[in-house]
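Accompanying notes for the structure given below.
The values are calculated or read from the model by the stated rules, or taken from the named source; none is laboratory data. Model, not experiment: these values are computed from the prediction. Note: ideal-geometry Cβ built from the backbone for every residue, glycine included; neighbour counts use all protein chains shown.
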Amino acid sequence: MRYEGSIWRPPSEARSLILQATIGCSHNACTFCISYKDREYRVRGAREIANDLAELPRTYKQRVRRVFLADGNALAMDTTQLKDTLDVLRGDLPNLDRVGVYGYAKDVRNKSVEELRELNEAGLGIVYLGLETGDDKLLRWARKGVTTEENIAASKKIRDAGIPLSLTIILGLGGEEHSERHAVSTAKTLNEIDPEYVGALTLMIPGGTPLHKMVDQGEFTPMKPLAIVSELKTLVVNLDLTKCIFRTNHASNYLPIGGTLNRDKQAILDVIEGAIASGDESKLRPGYLRGL
């Protein structure tokens with residue numbers, strides 16, 4: 001098995017076999033992101049994945065049920081390249097149930113619904129897409145490289161192809177000044193997409209990022225923990241989803257919660273409101289446990 005650099009994966013892929021179908025991120029310009037800065041984006045492809053699998057014991061391969069194809073957005077691969085990779089996985093992992101990838105809206109734009117359906121039939125079982133926010137001004141400020149309209153179109157295309165969609169949003173991305181606008185517009189965007197999964201992260205500001213420099217220069221003030229929880233409440237209050245598994249189980253979050261929306265909406269709000277009412281930051285996840 002060969003890995004280049006650090007590997008990132010969604011929390012739900014903790015028990016998956018992780019293989020690098022691509023190296024780096026096809027966008028790699030977000031102000032808040034430190035991942036993949038040490039490498040240029042390139043495709044490894046089916047042949048190299050086959051070589052990785054060849055190094056695994058047969059008994060291990062028989063136990064693999066899920067695979068996550070790293071790095072930043074393997075969905076950027078040409079459809080034929082990705083389908084060939086999926087075919088290799090299905091041929092060598094007899095009990096494989098699902099393959100997951102990160103996606104980016106601009107990469108989805110280059111694929112038709114029919115192509116995405118082909119990938120789904122070949123084994124692509126979930127796409128994790130970083131929505132981050134539903135506010136266009138914040139998307140531009142974060143150098144995300146896409147608009148809300150493009151994020152919605154890409155998400156709907158994935159859903160139309162029958163591929164489960166997990167969207168990620170970032171609490172605190174707008175700071176105190178734009179917190180409510182960020183939460184309300186993000187909820188509005190999520191309502192329009194109505195995905196199967198939503199995962200909320202909380203903004204981290206690692207050294208070496210443009211955002212860290214903004215903080216040092218006084219151009220951005222990070223939100224306090226209880227303010228983040230209040231923003232989470234605003235988000236949930238404004239969400240109206242059909243049947244969406246909602247989680248804040250990422251290590252970056254101050255308040256880990258989860259449930260299905262809208263079914264568990266009030267129960268989730270009760271937990272959030274309890275944390276706010278206590279006014280006690282010591283009851284939230286401490287900083288040393290958020291040191292990603």
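Results, tabulated for the structure shown:
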| quantity | calculated |
| --- | --- |
| Residue match in the range 246-268 (condition: assigned to a helix (DSSP H, G or I), assigned by TED's automatic domain parsing to the domain that holds ILE169, surrounded by fewer than 18 Cβ atoms within 10 Å (Cβ to Cβ) and touching a strand residue (DSSP E or B) at 6+ places or on another chain (Cβ under 9 Å)) | yes |
| Pairs, first over 21 Å from TYR60 (Cβ atoms) in the range 1-15, second loosely packed, with under 12 Cβ neighbours inside 10 Å and among the charged types (D, E, K, R), C-beta under 8 Å, six or more apart | GLY5/ASP38 |
| Members of the range 75-112 found to be among the hydrophobic types (A, V, I, L, M, F, W, C) and either more than 15 Å from PRO164 (Cβ to Cβ) or not assigned by TED's automatic domain parsing to the domain that holds SER35 (or both), listed by number | ALA76, MET77, LEU82, LEU86, VAL88, LEU89, LEU93, LEU96, ALA105 |
| Test: SER278 is among the small types (Gly, Ala, Ser) and closer than 24 Å to GLU177 by Cα | yes |
| Flag if ARG285 is at negative phi, of a type in the set (Lys, Arg) and at pLDDT below 90 | yes |
| Given (1) closer than 30 Å to MET204 by Cα; (2) part of a helix (DSSP H, G or I); (3) of a type in the set (Gly, Ala, Ser), number of the condition ALA29 does not satisfy | (2) |
| Single residue of ILE158, ILE169 found to be part of a helix (DSSP H, G or I) and in contact with a strand residue (DSSP E or B) (Cβ under 6 Å, 6 or more places away or on another chain) | ILE158 |
| Unmet requirement for ASP107, which otherwise passes all of (1) in a helix (DSSP H, G or I); (2) modelled with pLDDT of 95 or more; (3) not polar (S, T, N, Q) | (2) |
| Matching residues in the range 191-231 - criterion: being free of Cβ contacts under 8 Å to residues at least 24 places away in the same chain and of a type in the set (A, V, I, L, M) | VAL215 |
| Evaluation of PRO195 against (1) in a loop (DSSP other than H, G, I, E, B); (2) at pLDDT below 95 (one fails), failing number | (2) |
| Residue that is farthest from ILE205 (Cα to Cα) [pool: residues in the range 144-174 that are surrounded by 19 or more Cβ atoms within 10 Å (Cβ to Cβ) and small (Gly, Ala, Ser)] | ALA161 |
| Qualifying positions in the range 1-26 - charged (D, E, K, R), in a loop (DSSP other than H, G, I, E, B) and closer than 19 Å to VAL127 by Cα | ARG9, ARG15 |
| Residue in the range 285-292 that is under 18 Å from the mean Cα position of the chain (by Cα) and surrounded by fewer than 15 Cβ atoms within 10 Å (Cβ to Cβ) present | yes |
| Long-range neighbours under 6 Å by Cβ, at least six apart or interchain, first residue closer than 30 Å to TYR60 by Cβ within the range 94-122, second in a helix (DSSP H, G or I) and of a type in the set (Gly, Ala, Ser) | VAL101/ALA74 |
| Some residue of the range 125-135 being in contact with an Asp or Glu (Cβ under 6 Å, 6 or more places away or on another chain), outside the structural domain of CYS33 (by TED's automatic domain parsing), within 25 Å of THR234 (Cβ to Cβ) and of a type outside the set (S, T, N, Q) | no |
